[in-house]
Structure formats: structure tokens, C-alpha cells
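Student: Structure below; questions to follow.
The values are calculated or read from the model by the stated rules, or taken from the named source; none is laboratory data. Computed from a predicted structure; not experimentally measured. Every residue, glycine as well, gets a Cβ built from its backbone with ideal geometry; the counts of neighbours run over all protein chains shown. Side chains are part of the model used for accessible areas, which takes the heavy atoms of the whole protein and leaves out ligands, DNA and RNA. Shrake-Rupley method; radii C 1.70, N 1.55, O 1.52, S 1.80 Å.
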Amino acid sequence: MSGSVTVRVLRRLQGLRTGPVRGPAGLRAVPGRFLSSGGAMNVFNRDMKKRQKQRVAALKDGHQYDYLRNEVGSRVADRVYDIARTFPLALDIGGGKSHIAEHLNKDVVQSLVLTDVSQQNLKQCRQTEIPTRCIVVDEEFLPFKENTFDLVGSPESHSPAVCAQIQQVLKPDGVFIGAMVGGETLYELRCSLQLAESEREGGFSAHISPFTAVTDLGNLLGGAGFSMLTVDVDEVQVHYPGMMEVMTDLQGMGESNCAWNRRSLLHRDTMLAAAAVYREMYGNQDGSVPATFEILYMIGWKPHESQAKPAKRGSATASFGDLSKISRPTNAGNETEN
């Protein structure tokens, strides 16, 4: 795509305006889309997500699409090692092929329950030295008793309801270590599709699932009842021959868009234009194109009386305004005699 076309597309996007947002009184009853009693919108089609995972699990070459989950699983395992304790019983939610467990040992986790929505994924789980029990479970409905696990790990995104269930199945002073894709994930692909679709079709639709912003994780964990929260962000950048390969691998990972408001049809002309925009705006000198995955890591603890607690408001004995008055200690070893 020429530079003049790109400039024209950008000007066109600047002229777009967002229409008025109607509150609950103006919502129409649409099958599959509803507001729960807590006011949370059902954004994703969970049946479609299950079908995507089942289809991917049946692929004969499905292992070649596991590279991102393996990388994220290893980084979640690193955070488990950072905690200086042994976990007698751990739960891995959604890690059907042992993406986290394969990086751990029985000195850290003595026993593991591995769950996934796909039976085929569990059959393909990699053998580890940790005694493991595999169970087919929908993460939206955890079938475990309260105060069961010392550690819960997950490389998947979860809703507030699932986080609340995770908090319940943890023992007091148990820890949840999770990872999910952040809001800046695949910004190259998203921008390229929007530019091309706006130019070719006069507007754009959502072709990539919405992701979680890092600023929302504190509310997500805090609302579920976790304490001593830790959140950090990492980026994984993968290079592909072109945009089509990016989309092929996303489909192979089972990460195609499953939002209710998705548009299933994308015209061939728009696809070709998007590929040209992608290469023009983000392409490398060697002809490849990058795809950026923002990974959000979170750690939350189930409250326990032994945990450190913040001091009471107003209990400070010094003011920040007095810090400048504190004299610096002198280093006698650096003084020289005249």
C-alpha cells in the first residue's frame, strides 16, 4: 500500500466518532448476550471457545503451536520458584499439556491436579516427576472443596467469578499465580486490519478478542478476596513470514476471536490490504513481521492471620516533609588527614 493511501486511511480514522452508549434501559434482548446480576457483560461465546480448544486438541501437528504457552508456562514456573516454600498439593487450571508442570519438580510441588476442558489435551500432557491427576473441568465451575490447595497456577485468562472460585479452593495463606494476555497484545495485527477495513469497506469490526488491561488486574484480584497482590508485565515478540502466518498460528493455538460481537467474514481484498499495511508499518528488514504478545503476570494470596498487614492510618512517627532534614551518615573511611 502506498504512503498516500496510508495517510488517507489515517485521516479517515481520525474523523470517526463513537456513537452514544446506551445504559441497561436501552439494551435490547439479544440471544447469548446479557447482563448478569452483578452488572458484568457476557462478552465471550464460551461454547465456541470450547469447540476451538477441542478442534485444536485433535490436530496431529498441534504441538507446533504450543511455543507461546510453553514460554508463558516456564515464566509462571519461575515465579513459583521465587516463593521459598514447598507446596504439598497444587492445582493447574487450563494447562492440559503440562505447560507449567513440566518446568517444576517435586521438591517444590509434591502433588498436582491438572485440569482442562479438553479430554484430548489431557491425554497429550507431558510426563513429569510430579505425581499428577488429570481431570476434565470447565474452569467456570471448579468442582473442588474449599481450602483444598496450597497453590493454584494458570496460564489462561479468567473472569472475576473464576478468580473468586480460585480464592475459595485455596487454603488460607495459599497463593494464586496466573498469567493472561494484556491489552497491547497483537496491536500490529489489530491496527493493520482496522486501517485496511476502513479503507476498503468504510468502517471496521472487531476481529480480535478483547484483552485485559493491566490496570484492571488489581480490581480483579482484590474483588475476588486476594491480598498482598503483585502484578508485572512482560512482552514476548514472535517473528513470522507474514500476516497470514500470524493468523494461521492464532487459529492453531485455539485463540481465534470468540466474542459475541465478532464479524466472521473478512473480504479477500481487505485481507490483502491488511497484509500490505502490516508489512509496510511493522515489517523487518529481513522481510518478516513481528507479532507482540503482552503477558500480564499476577500473584495473590488468600488472607491469613500470619501475613503482614499494613499499619493503621495515622500511626506514622515521621513525616515525609522531614526527610530532607535527616543528615547523611559520614563515611569515616573515606576521610583523609591533612
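Student: Order the peptides 181-187, 231-237 from the highest to the lowest mean number of other Cβ atoms within 10 Å of their residues.
Tutor: Going from most to least packed, we get 181-187, 231-237.
Student: Between His63 and Tyr240, what is the label-to-label distance in nm when each label sits 7 Å out along the Cα-to-Cβ direction?
Tutor: About 2.3 nm, to one decimal.
Student: Can you order the peptides 286-292, 248-254 by their average number of other Cβ atoms within 10 Å per residue, highest first?
Tutor: Packing proxy ranking, top to bottom: 248-254, 286-292.
Student: Then there's this: When we measure straight from the Cα of Lys309, which lysines land under 22 angstrom away, once same-chain ones fewer than 8 places off are left out?
Tutor: Within the straight-line limit of under 22 Å, Lys309 reaches these lysines: Lys171.
Student: A follow-up question, please. Give the shape of the stretch 45-135 as rounded, prolate or oblate, defined through the alpha-carbon gyration tensor: a ≥ b ≥ c are the square roots of its eigenvalues, a/c under 1.5 means rounded, and otherwise the shape is prolate if a/b is larger than b/c and oblate if not.
Tutor: prolate
Student: Using a 1.4 Å probe, what is the accessible area per residue for the stretch 135-265, in Å²?
Tutor: Normalised by residue count, the accessible surface of the stretch 135-265 is 42 Å².
Student: How would you order 82-92, 167-177 from highest to lowest mean count of nearby Cβ atoms within 10 Å?
Tutor: 167-177, 82-92
Student: Under 19 Å Cα to Cα from Lys145, which aspartates and glutamates show up? Leave out anything in the same chain fewer than 8 places away.
Tutor: Cα-Cα hits under 19 Å: Asp92, Asp116, Asp173.
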